[in-house]
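This report concerns only the one structure given below.
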Protein chains: 2
Amino acid sequence: MNIGQVSEISGLPAKTIRYYEDIELVTPARAENGYRHYAEKDVHRLKFLQRSRSLGFTIEECRLLLSLYEDKQRASADVKAIALEKIKEIDRKISELKSLKKTLSALAKNCHGDNKPECPIINDFAGRVVE
Amino acid sequence: MNIGQVSEISGLPAKTIRYYEDIELVTPARAENGYRHYAEKDVHRLKFLQRSRSLGFTIEECRLLLSLYEDKQRASADVKAIALEKIKEIDRKISELKSLKKTLSALAKNCHGDNKPECPIINDFAGRVVE
DNA sequence: TCTTGACCTTCCAGTAACAGGAAGGCGTAG
DNA sequence: CTACGCCTTCCTGTTACTGGAAGGTCAAGA
């Protein structure tokens, strides 16, 4: 299969697929004319990458997951540990975003939002204490 | 003031302060020896940047906010609109993260996490239907 | 006076994960 | 023969810095 079809099937842009080759994640064979030729196994790897990336794993994490994917002896505990760590990371990000939201919401609530210049949001950014 | 003291006061690394000069956010005067010399106004701008960046605004948003900060005629509505938009953005990110977490948690829950190779997480990534 | 150490300067490279675009080869249908 | 779509490589740009090298400046101490 050529890159166009693989792109369709995997849901990854051709640009991304070429990039994955660059960083040695999926290295297809080459046809005589220089075109990339993807075997079934390559397509599986690309689909795997599409799914794992979409779930928030970094490229390096995906590289590790791919090696576990292809290691028929791996312990499921190893995979689960990575997933749980990622869940923790997601939780941290959510907390941080919630905290930001809380602060911004409080500021926005105090701001009249009219055509006058007085603005508690700007005041806060400027380090002025709200009186 | 030299960059070191300004760094202390603003809570921004010297590297970052130099970078902000590079992108023309805060352009201090220069002493005869070539050292950057920061006036009060510059320090205010840097503090403003520290605070607005820490609340999740991008550099370009901060640039806009700074111009509003220094425009004594601005309408508070303009500032509030930016804050509300940012809150929406944060909400979108939170939703996305929650969705990721949900998917990952479901996969992790189904995974025994033992020393056997069978792993529902890997199976999902590989596109295998769970039976 | 010399040296040491802290502080300052500029410049270059790297980060994450691609996306956009230019210039040009290949393949097939009309 | 040409047009068009698909393919190739290569270079640049994105975001917001961070790390590090090479070297100038300044004040204090021996």
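Below is a table of values for the structure above.
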read-out: Filter result for B:ILE17 (surrounded by 14 or more Cβ atoms within 10 Å (Cβ to Cβ), at pLDDT 95 or above, more than 16 Å from DNA strand C (Cβ to nearest atom) and among the β-branched types (Val, Ile, Thr)); value: no
read-out: Extreme residue, nearest to DNA strand D (Cβ to nearest atom), among residues of the range A:1-24 that are outside any helix (DSSP H, G or I) and within 14 Å of chain B (Cβ to nearest Cβ); value: A:LEU12
read-out: Residue in the range B:37-48 that is under 19 Å from A:LEU104 (Cα atoms) and away from DNA strand C (no atom under 16 Å from the Cβ) present; value: yes
read-out: Test: residue in the range A:58-66 that is under 22 Å from A:GLU89 (Cβ atoms) and in contact with a Cys (Cβ under 7 Å, 6 or more places away or on another chain); value: no
read-out: 2 or more residues at negative phi, more than 7 Å from chain A (Cβ to nearest Cβ) and exposed (fewer than 14 other Cβ atoms within 10 Å of the Cβ): qualifying helices (runs of 4 or more DSSP H) within the range B:33-131; value: B:40-54, B:59-70, B:76-110
read-out: Residue that is among the acidic types (Asp, Glu) and closer than 23 Å to A:ILE9 by Cβ, where the choices are A:GLU70, A:GLU89; value: A:GLU70
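The values are calculated or read from the model by the stated rules, or taken from the named source; none is laboratory data. Every value quoted in this text rests on a predicted model; they were computed, and no experiment measured them. Note: ideal-geometry Cβ built from the backbone for every residue, glycine included; neighbour counts use all protein chains shown.
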